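Notes follow once the structure below has been shown.
Rule-based calculations on the coordinates, nothing more; no lab input. What you see is a predicted model, and the numbers here were worked out from it, not measured in a lab.
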Amino acid sequence: MEARDPELKSELNAALQARSELGPEYESALIDSFLEKVDQRLDVTLDRRVRRHLAEQQIVVARGARAPQPPMGNFGERFGLGVISLILAIPLSAIGVTNAGINGLVVAWLGIVGVNVAQAARSRPLFRRSEERTKSDWED
């Protein structure tokens, strides 16, 4: 569906003209009808895109390549966790120092670092299994 779909535009114009002829009492029914048509168009477009994507993945797998894996976390997720952990570090540090002195501070920061390391390891595994490695053109 293009940004300026002429068929959809004509249906919107028809709905607006029908509203002016029928009056405001039929406005909700006309809007519902138009939105139903938009929803159907979106469903058709989405189905087409999903089928195309699945077909492309099947072609890649049929050619012997490994199926693409979805990323385990995007930049926004990692950035958000980093910002939140830095914001929470202030009160956690204060609570740790108040209750247990320097040992509490160390425990609080070890927890913060541990959470961030776990997130980093989840999104980027350090070691790949040998069967997951792709062969280069130079290997036999």
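Each residue of the range 107-113 was assigned a 3J(HN,Hα) from its phi angle through the Karplus curve 6.51 cos²θ - 1.76 cosθ + 1.60 (θ = phi - 60°); the sequence is 5, 4, 5, 5, x, 5, 5 Hz, with glycine and proline shown as x. Full extension of the chain segment joining L35 with I102 gains 18.0 nm, where the gain is 0.36 nm per residue of separation less the Cα-Cα distance.
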